Amino acid sequence: DLIYSASQDRTIKVWRPSDGVMCRTLQGHGHWVNSMALSTDYATRIGSWDPALQGKAQCNDPVTVYNKYKGAGEEFMVSGSDDFTLFLWNPAKSNKPVCRMTGHQQLINQVII
């Protein structure tokens, strides 16, 4: 469990919620970081509602549903910046980007997975 914050200082900070300690700084963007998206965002958005049970009465444990839909792989993050780039990260393991993605001609306002 980690908390992420993006800033005009061109970095993403990774925090441990258990004690509030900043455990990692992700650097690479050349300008403000405007947006971040996690690969587990879908699982977080659906909460305790399980799409597999659509049309049926539901009373699900949110953690169980999250673990079911987040996937077996590691959580990854994509960040978007005013520098027209996207970065792919594995924030739980490294402060180095997995890759840099280019192609936009203007700043990136939103990233959605």
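The values are calculated or read from the model by the stated rules, or taken from the named source; none is laboratory data. Please read all numbers here as calculations on a predicted model, not as lab measurements. Note that we place each Cβ from the backbone using ideal geometry, even for glycine, and neighbour counts take in every protein chain shown. The accessibility values were calculated without ligands, DNA or RNA, using every heavy atom of the protein model including side chains. Shrake-Rupley method; radii C 1.70, N 1.55, O 1.52, S 1.80 Å.
Descriptive notes on the structure:
- Measuring with a 1.4 angstrom probe and ignoring ligands and nucleic acids, K96 comes out at about 130 Å² accessible.
- Environment charge of S5, counting only residues whose C-beta is closer than 14 Å and scoring Lys/Arg +1, Asp/Glu -1: +3
- Computed lengthening from K13 to H104, 0.36 nm per intervening residue step minus Cα-Cα distance: 30.3 nm
- Estimated FRET transfer efficiency when R0 is 22 angstrom, pair H31-D1 (beta carbons, to 0.05): 0.15
- Other-chain or far-sequence residues with amide H under 5 Å of S81's (modelled H): N34, I108
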